[in-house]
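The values are calculated or read from the model by the stated rules, or taken from the named source; none is laboratory data. Since this is a predicted model, take the numbers as computed values, not measurements. FYI the Cβ positions are ideal-geometry reconstructions off the backbone, even for glycines, and counts take in every protein chain you see. These area figures cover heavy atoms from the full protein model, side chains too; ligands, DNA and RNA do not enter into them. Shrake-Rupley method; radii C 1.70, N 1.55, O 1.52, S 1.80 Å.
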Amino acid sequence: MSFAIISLLTVIGLLSSSPSAFALEVQEHLLANGMKVLLVESPKAPVVTVQIWYKVGSRNEVMGRAGLSHMLEHMMFKGTPKYPKGEFSRLVKKNGGHDNAFTGQDFTAYFENLAADRVELALELEADRLRGLLLDEKEFQLEREVVKEERRLRSEDDPQSYLAESLFAQAFQMHPYHWPIIGWFPDLNAMTRADLKKHYDTYYVPNNATLIVVGDFISAKLLPLIKHHFEAIPKRPLPPQAAVTELEQKGERRFVVKRDAQLPFVMIGYKVPNYSNDDAYALTILESILSHGKSSRLYRNLVYEQKLALAIGADYSLLQTDPGLLYVFGTAAPGQTPEQVERAVYAEIEKLQQAPPTEQELQRAQNQVEATHIFGQDSNFRQAMLMGQAETTGAGWKQIELFVKKLRDVKTEDVQRVAKKYLVEDTRTVGILIPTPMSRMAEAN
């Protein structure tokens, strides 16, 4: 079983790329125990995706136990009294499907992609581990070492991911977006089975979950099956809501990371609003103008013309429970310094602050975001992902229907306005990756 964390870079790229027009016919049901069910009939191929989303991610953890949600995600594959360790994925695979899971800052989600006539298998398996996870101490001890190794590979040995993790830790000093989804080593070492059991009992309750099925089925026949497997699971008190508000940032924060790396790398993060603020739509357009494709401003100027960077990009997600970051990142070209890249990024931002983008740029950005979504609609999995993200972050799947309209309402002056309002020095956090002398020597040899 390979598990997937939605890392900071990955999740933001995924989310930012496509909440858009949502013309699908979604049937929403609420079970007697409070579990929300979203069904989308899509008979174009005889397959289904079943996803269950829990409103719990690293945002819901406490100081000293970072990584708890992700660790629990791993343990969800370690068996129940009815389906012992390994049986879950073995049965899915035996029936021609595949399954996996992912954890983000705001959610933990599980999915199975199967032939349509096997949909009940996924429902039964998910319902079973919602109410009867074993959480064996020996398995926990073993899995903790797996997660620690995952951290070494994904963060400790990847200097750019390490810098991204550090960027959030610097930008958010109070809010749980401060800590990494996978957790830090001391927290992982301190974690106990009792911590996991408490987390499971608190957040893995039906009224804190959304079940989404997209594919080739008839809702009138599927809904009774869903009720059969899930509705008997007792409703429980809703988990406490994390309500930490990040203090206002009043000045630039800077940090330097020195690691074994080939080239310098720069990340610049700005505090920005989420979906609940209409400025989020203008920020989405701004991010696209800056970084979407090789005709974007950053790529054209920093890579093509000035040859300061080998790679440049930006990310922003409006689908977050709390306000997050819009950040720009770039790899300095050989012989160039991170300071040169940083100054060039600011120069491009200042251009947007001093003058709005052209109508042509605006139209291109709107088309790019919409087109990404249209392609995404071809995938049952993608449709379910969009709904799951919208539901678990609090936006609600209906919010997706409004996305294109609000995106099209953005004017060029809105882009300039949000650039001036949010991309400012006082709310900026800058991280610089400096390759260590050892790596430079190795490169020279």
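Using the structure shown, decide if ARG259 is open to solvent by 20 Å² or more (accessible area, probe 1.4 Å) and touching a Leu at 6+ places or on another chain (Cβ under 7 Å).
Working: open to solvent by 20 Å² or more (accessible area, probe 1.4 Å): yes; touching a Leu at 6+ places or on another chain (Cβ under 7 Å): yes.
So ARG259 fits the description; yes.
Exactly one residue among ALA101, ALA4, ALA115, ALA109 is of a type in the set (A, V, I, L, M), open to solvent by 20 Å² or more (accessible area, probe 1.4 Å) and at pLDDT 95 or above, and that residue is ALA115. When the range 398-436 is filtered for residues that are of a type in the set (A, V, I, L, M, F, W, C) and open to solvent by 30 Å² or more (accessible area, probe 1.4 Å), the ones remaining, listed by number, are LEU402, VAL424, ILE434. When residues in the range 134-165 are screened for being open to solvent by 20 Å² or more (accessible area, probe 1.4 Å), in contact with a Ser or Thr (Cβ under 9 Å, 6 or more places away or on another chain) and under 15 Å from PHE77 (Cβ atoms), 1 of them pass. Starting from residues that are in contact (Cβ under 8 Å) with a residue 24 or more places away in the chain and of a type outside the set (A, V, I, L, M, F, W, C), keep the ones in the range 87-98 and report whichever is nearest to LEU135 (Cα to Cα). Checking each candidate, the answer is SER89.
Suppose the filter is farther than 21 Å from ALA164 by Cβ, not aliphatic (A, V, I, L, M) and not in a helix (DSSP H, G or I); does GLY431 pass it? Break it down stepwise before answering.
Numbers: farther than 21 Å from ALA164 by Cβ: no; not aliphatic (A, V, I, L, M): yes; not in a helix (DSSP H, G or I): yes.
When the stated conditions are applied, GLY431 does not pass them.
Given the residues LEU211, LEU238, which is the only one that is assigned to a loop (DSSP other than H, G, I, E, B) and under 26 Å from the mean Cα position of the chain (by Cα)?
The conditions single out LEU238.
Of all residues in the range 333-367, those satisfying the criterion of being open to solvent by less than 70 Å² (accessible area, probe 1.4 Å), within 19 Å of LYS307 (Cβ to Cβ) and not aromatic (Phe, Trp, Tyr) are ALA333, GLN336, THR337, PRO338, GLN340, VAL341, GLU342, ALA344, VAL345, ALA347, GLU348.
Name the single residue, out of those in the range 186-237 being open to solvent by 30 Å² or more (accessible area, probe 1.4 Å) and among the hydrophobic types (A, V, I, L, M, F, W, C), that is nearest to GLU28 (Cα to Cα). So that I can check it myself, show each step before the final result.
Residues of the range 186-237 that are open to solvent by 30 Å² or more (accessible area, probe 1.4 Å), as a first pass: 186, 189-190, 192-195, 197-198, 201-202, 216, 218, 220-221, 224-225, 227-228, 231-232, 234-237.
With the extra rule that they be among the hydrophobic types (A, V, I, L, M, F, W, C), the set shrinks to 190, 194, 218, 220, 225, 232.
Numbers: ALA190: 41, ALA194: 35, ILE218: 14, ALA220: 12, LEU225: 15, ALA232: 19 Å.
Ranking the candidates gives ALA220 first.
Just one of (1) closer than 21 Å to ALA164 by Cα; (2) modelled with pLDDT under 95; (3) surrounded by fewer than 20 Cβ atoms within 10 Å (Cβ to Cβ) fails for GLU252. It is (2).
Please verify whether the range 331-354 includes one or more residues that are within 18 Å of TYR275 (Cα to Cα) and of a type in the set (D, E, K, R). Checked the range 331-354: no residue is within 18 Å of TYR275 (Cα to Cα) and of a type in the set (D, E, K, R).
For the range 152-161, name all the residues that are over 19 Å from ASN189 (Cβ atoms) and in a helix (DSSP H, G or I). Step through it out loud before you land on a result.
Here is the first cut: in the range 152-161, the ones over 19 Å from ASN189 (Cβ atoms) are 158-161.
The answer is PRO159, GLN160, SER161.
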